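Asks: The structure under discussion is supplied below as structure tokens; questions concerning it will follow.
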């Protein structure tokens, strides 16, 4: 396949585009400008809240496609392209289960903002990294007047070993994704980063062979199947490496930028 014909780049954020210090690569904006000049669309695909992602790319927010909340919410130029919400009964069911998990904290992720019941300092430190707009409430099950995109669980005991076990049996009718060492995400069965990429491809007339994707963790799994140029990070989960066609350097070695440098240098 010809890399010069890539029209869409979709990359995960934490553990992928961002380094361990949560920083963008030094040359990101320079390369982004060159991608834009080539007519290549750039999508930031993350479990993060939309407002957090938008803030991260504030100076170029109108030129970035935002795949937020693990694909439950897609926005471009302030237009909602996809909103895949959970119904309220399911939300209450999941919150009830999550309240019984030790060493964990619940985030109800609405389209307007995120909602939490607990303000433990260690939890708030992790919450503030990924959620810009949030509100403390007395009871998550009583929150109204929002569309609920996801429930995130901050599991200080380790998501894959602890909280995932409580929801594994629901995987047939719900997305249950280990999104990081201490993060478990629960969202609509039809929502994931892969479907979000499909929606973008259809919207802009972009083919599988014209798509490049980057990921590192299990919430990226479906996305890795939606682009011929699928790159796992050196630091990626083994399942992501197995699902990807190519491998690049780690996020602390600017693995995404090494590939994008080749892309912007290529000519059609």
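Asks: Sort 16, 141, 248, 119 by Cβ crowding within 10 Å, fewest neighbours at the top.
Replies: Listed from fewest to most nearby Cβ atoms, that is 119, 141, 248, 16.
Asks: Here's a follow-up. Principal axis extents for the chain, Cα atoms only, whole Å, descending order, please.
Replies: Sorted largest first, the three principal extents are 56, 35, 34 Å.
Asks: How would you rank 211, 96, going from fewest to most other Cβ atoms within 10 Å of each one's own Cβ?
Replies: Values: 211 24, 96 11.
With the sparsest Cβ surroundings first, the list reads 96, 211.
Asks: Turning to a different aspect of this structure: With 10 angstrom as the radius, rank 259, 83, 197 by how many other C-beta atoms surround their C-beta, starting from the fewest.
Replies: Listing 259, 83, 197 from fewest to most nearby Cβ atoms yields 83, 259, 197.
Asks: Mind running the shape call on the range 88-187? Use the C-alpha gyration tensor, a ≥ b ≥ c as the square roots of the eigenvalues: rounded below 1.5 for a/c, prolate if a/b tops b/c, oblate otherwise. Before the final figure, lay out the partial values.
Replies: Values: a/c = 1.59, a/b = 1.12, b/c = 1.42.
Oblate.
Asks: As I understand it, the value is the acute angle between the Cα axis of helix 193-204 and the longest principal axis of the Cα atoms of the chain; what does it come to in degrees, rounded to 10?
Replies: Its long axis makes an angle of about 50 degrees.
Asks: Restricting to the range 88-187, compute how many DSSP beta bridges are antiparallel as a %, nearest 5. Show your work: numbers first, answer last.
Replies: On the way: 19 of 22 bridges.
Once the DSSP bridges in the range 88-187 are tallied, antiparallel ones form about 85 percent.
Asks: Let me ask another. Compute the helix-to-body angle for 28-38: its Cα long axis versus the longest principal axis of the chain, expressed 0 to 90° and rounded to tens.
Replies: That works out to roughly 60 degrees.
Asks: How far, in degrees from 0 to 90, does helix 255-265 lean away from the longest principal axis of the Cα atoms of the chain, to the nearest 10?
Replies: 30
Asks: Among DSSP bridges having both ends in the chain, what percentage is antiparallel? Round to the nearest 5.
Replies: Of the beta bridges lying entirely in the chain, close to 55 percent run antiparallel.
We did not get these values from a lab; they are worked out from the coordinates using the rules stated. Worth saying up front: this structure is predicted, and the values here are computed from it rather than measured. Don't worry about glycine lacking a Cβ; one is built from the backbone with ideal geometry, like all the others, and counts go over all protein chains shown.
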